[in-house]
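The values are calculated or read from the model by the stated rules, or taken from the named source; none is laboratory data. Everything quoted here is computed from the prediction, not taken from an experiment. Because the Cβ atoms are built from the backbone with ideal geometry, glycine has one as well, and the counts that use them run over all protein chains shown.
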């Protein structure tokens, strides 16, 4: 039932799969090895906005050169990243929901929280601007105009920092958008949500960093910015080693020190995309 | 459309240059899915053979369960393994979340039912006959089971290749338990998701082409073996 050629092929496949398996087994122990004296690894849970912008790819090689520590990055929405940290599945967090962060530090889940950098959220939409968002005097007025005009709006809908800010703004504007026909909840990251807004010619609230890095592919223009209510503060914090004794607190602390050091802050300020600064160092606005 | 063409052109340069980052991702995909399929084969073929040789009535329920799990959505497998391996989960002390080992575990839960189920079907079609012949020639239970495996090898090979094709192409489970960490747990499918999100289409298309090529190689092989089997048996 098997001719010789097929048997040979079978042997070859078996050998390939076996080799792949052996390689995998050979690699596995390396992954689990705890970090030595110098170096080691930490897991950073962060948001799609910091990761997709390329900021971390730019900072981490410099950090590794200085300390030998390798940062493994998991990019999630802020809500999920906070959950990952609370469960002890990461060592350090870089997220943007200041209220929730301070609350969780209070509750003892995280320690050593610092304000690292900020940028702002912007309202983007089609150039025609059917609801006249451009003329709005405040972020709340802009949202009210979108609601009154019943023009399409795409929301992140994923419990990320951006989504949480958007929901707070709707509430302050006195609009309950969830059940409206013009409101679409994407349940996706910032890039996907912007692309959806682009396809639907809809409005969208985005962080400036992601919008700038993707705007060459989008027919969306910046319609409203500059309201203090749209400030976007990023904070870094370590998982509390008293809650989760296995976390690499010492290494996490070094990472926090690096980001908040003068050198780290200058590096962040110097990071540009399409000629624009994406993140500004330090604390933006006091709440 | 021009973007798709541009992407394909750029993708070819990346592949031809053997872009080191790209190669690392492809290699890890093969390692993780290769290990998962080896484990699934070692467990699934004996299990499927054993079940296939039992009377159908006795194993009806377990058969139905296996067939159901053959269609298990990868994200569901990922979610369950995630909750088991998280630090606050029952196996949290092992610290396996966000490692290739976790990805292998998740893919085994996807591939094992497929290998077992297809083995079972293959063995059931002719296995009893073969087993009885072997027995009548004086073979013990183990030796006759081995004879069944040998005689059903075309079906079993199909089971293994189908399982491999399923896990190498899935994204939901490895994303959830691996975390898509660059250089550690980033595989082809999770990289495609990330690069698309970043608007980096060339890279995403390049990986897509490699995945398609792999799938083509596997299917060509499967087709030839199955045809060979038919002609000669």
Within the stretch A:196-209, count every residue that is more than 19 Å from residue A:142 (Cβ to Cβ) and crowded, with 22+ Cβ neighbours inside 10 Å.
1
With the condition kept exactly as written, say whether any residue in the stretch A:257-275 is part of a strand (DSSP E or B) and in contact (Cβ under 8 Å) with a residue 60 or more places away in the chain.
yes
Tell me which residues, restricted to the stretch A:102-141, are in contact with a helix residue (DSSP H, G or I) (Cβ under 7 Å, 6 or more places away or on another chain), outside any strand (DSSP E or B) and farther than 30 Å from residue A:85 by Cβ.
A:130, A:131, A:132, A:133, A:136, A:140
Unique match (being part of a helix (DSSP H, G or I), within 14 Å of chain A (Cβ to nearest Cβ), under 30 Å from residue A:41 (Cα atoms) and free of Cβ contacts under 8 Å to residues at least 60 places away in the same chain) among B:108, B:130, B:167, B:93
B:93
Reported set for the stretch A:74-87 where residues are within 14 Å of chain B (Cβ to nearest Cβ), in contact with a helix residue (DSSP H, G or I) (Cβ under 6 Å, 6 or more places away or on another chain) and not in a strand (DSSP E or B) is none
Among the residues in the stretch B:90-108, are any within 18 Å of the chain's Cα centre (by Cα) and closer than 30 Å to residue B:131 by Cα?
yes
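So, residue B:22, is that one over 15 Å from the mean Cα position of the chain (by Cα) and over 30 Å from residue A:109 (Cβ atoms) or not?
Spelling it out, residue B:22 is indeed over 15 Å from the mean Cα position of the chain (by Cα) and over 30 Å from residue A:109 (Cβ atoms).
Determine whether the stretch B:177-184 contains at least one residue that is under 18 Å from the mean Cα position of the chain (by Cα) and under 30 Å from residue B:120 (Cα atoms).
Yes.
The rows are residues; the columns are (1) at the interface with chain A (Cβ under 10 Å from one of its Cβ atoms); (2) assigned to a helix (DSSP H, G or I).
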{"site": "B:185", "(1), (2)": "yes, no"}
{"site": "B:193", "(1), (2)": "yes, yes"}
{"site": "B:210", "(1), (2)": "no, yes"}
{"site": "B:215", "(1), (2)": "no, yes"}
{"site": "B:223", "(1), (2)": "no, yes"}
When you scan the stretch A:220-255, how many residues do you find that are within 14 Å of chain B (Cβ to nearest Cβ) and under 28 Å from residue A:199 (Cβ atoms)?
1
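Among A:45, A:90, which is facing chain B (nearest Cβ under 9 Å), crowded, with 17+ Cβ neighbours inside 10 Å, at pLDDT 60 or above and part of a loop (DSSP other than H, G, I, E, B)? I'd like the intermediate steps shown before the answer.
Working: A:45 fails: part of a loop (DSSP other than H, G, I, E, B).
One residue alone meets the criteria, A:90.
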Selection within the stretch B:179-212 - without any contact (Cβ under 8 Å) to a residue 12 or more places away in the chain and in contact with a helix residue (DSSP H, G or I) (Cβ under 9 Å, 6 or more places away or on another chain)
B:182, B:196, B:197, B:198, B:199, B:200
All positions within the stretch B:37-74 that are surrounded by fewer than 14 Cβ atoms within 10 Å (Cβ to Cβ) and either within 14 Å of chain A (Cβ to nearest Cβ) or not in a helix (DSSP H, G or I) (or both):
B:42, B:55, B:71, B:73
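Scan the stretch A:193-208 and give yes if some residue there is over 29 Å from residue A:172 (Cα atoms) and either in contact (Cβ under 8 Å) with a residue 12 or more places away in the chain or assigned to a strand (DSSP E or B) (or both), otherwise no. First the steps, then the outcome.
Kept after step one, since they are over 29 Å from residue A:172 (Cα atoms), are these residues of the stretch A:193-208: none.
Taking every residue of the stretch A:193-208 in turn, none turns out to be over 29 Å from residue A:172 (Cα atoms) and either in contact (Cβ under 8 Å) with a residue 12 or more places away in the chain or assigned to a strand (DSSP E or B) (or both).
Test residue B:34 against the stated conditions and say whether it is within 14 Å of chain A (Cβ to nearest Cβ), in a helix (DSSP H, G or I) and either under 13 Å from the mean Cα position of the chain (by Cα) or free of Cβ contacts under 8 Å to residues at least 40 places away in the same chain (or both). Step through it out loud before you land on a result.
Working: within 14 Å of chain A (Cβ to nearest Cβ): yes; in a helix (DSSP H, G or I): yes; either under 13 Å from the mean Cα position of the chain (by Cα) or free of Cβ contacts under 8 Å to residues at least 40 places away in the same chain (or both): yes.
Taking the combined requirement at face value, the residue satisfies it.
Among the residues that make up the stretch A:142-161, is at least one of them in a loop (DSSP other than H, G, I, E, B), without any contact (Cβ under 8 Å) to a residue 40 or more places away in the chain and more than 19 Å from residue A:81 (Cα to Cα)?
Yes.
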